[in-house]
1. Being out of contact with any helix residue (DSSP H, G or I) (no Cβ under 9 Å at 6 or more places or on another chain) and exposed (fewer than 15 other Cβ atoms within 10 Å of the Cβ) is the filter here, so list the residues in the range 78-118 that pass it.
2. Every residue in the range 64-99 that is in a loop (DSSP other than H, G, I, E, B) and in contact with an Asp or Glu (Cβ under 9 Å, 6 or more places away or on another chain), please.
3. Sort through 112, 80 and tell me the only one that's of a type in the set (Phe, Trp, Tyr), modelled with pLDDT of 90 or more and out of contact with any Cys (no Cβ under 9 Å at 6 or more places or on another chain).
4. Can you tell me how many residues within the range 63-77 are in contact with a helix residue (DSSP H, G or I) (Cβ under 6 Å, 6 or more places away or on another chain), under 14 Å from residue 40 (Cβ atoms) and among the aliphatic types (A, V, I, L, M)?
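The values are calculated or read from the model by the stated rules, or taken from the named source; none is laboratory data. None of these values were measured; they are calculated from a predicted model. All Cβ positions, glycine included, derive from the backbone under ideal geometry; neighbour counts span all protein chains shown.
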Amino acid sequence: MWHRTMLPDTKRGGIFAMGHLTAQFDLPLAKDAPAASRRATTTILHGWGYQDQEWLAAVAVVVSELVTNAVRHGGGCVAYAFEAYDGQVHISVADGSSVIPRRRKPDGSGGYGLGLIEALADDWGVHDHQGGKLVWVRLARAPSVLLQQERQGKARP
């Protein structure tokens, strides 16, 4: 299910000027959940006006890592949500495991996820959530958002 509170400014090729856009999904604990969440996220963000393909590819990597870890290590249902407001996109994935993600030495079975997330996002963290955890990520701003905000004199570091 997704909810849109304001349409993007597609006539001028820009991101919405203000508003709060949200999307949320319950994902099955299945091996195709990361791919489904990547497709849904990039399609919806594109529809919301986020057009930069390199930025959308980075978002897809972050989504894939978060959902893959939740499916692989979490327990119970995986709840996935993302929201966009003021040109910033936040992603969160909740699962039934209370085990906090941690860096580990990469090997043949994984260990790259947090490093990728840290490289592609502005910030991330973990909160307790209904007996499990919620991992959140604040993405780096899309280049088109930064350009539009600079034009309007609203760019933030």
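1. 98, 100, 105, 107, 108, 109, 111, 115, 118
2. 74, 75, 76, 77, 98
3. Working: 112 fails: modelled with pLDDT of 90 or more.
After ruling out the rest, the residue left standing is 80.
4. Initially, the range 63-77 is screened for residues in contact with a helix residue (DSSP H, G or I) (Cβ under 6 Å, 6 or more places away or on another chain), giving 63-65, 67-69, 71.
Still in the list and also under 14 Å from residue 40 (Cβ atoms): 63-64, 67.
Subset that is among the aliphatic types (A, V, I, L, M): 63, 67.
Counting residues in the range 63-77 that are in contact with a helix residue (DSSP H, G or I) (Cβ under 6 Å, 6 or more places away or on another chain), under 14 Å from residue 40 (Cβ atoms) and among the aliphatic types (A, V, I, L, M) gives 2.
For (1) touching a Pro at 6+ places or on another chain (Cβ under 8 Å); (2) under 17 Å from residue 35 (Cα atoms), each residue gets a yes or a no:
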| residue | (1), (2) |
| --- | --- |
| 64 | yes, yes |
| 68 | yes, yes |
| 78 | yes, yes |
| 92 | no, yes |
| 104 | no, no |
| 107 | no, no |
| 126 | yes, no |
| 141 | no, no |
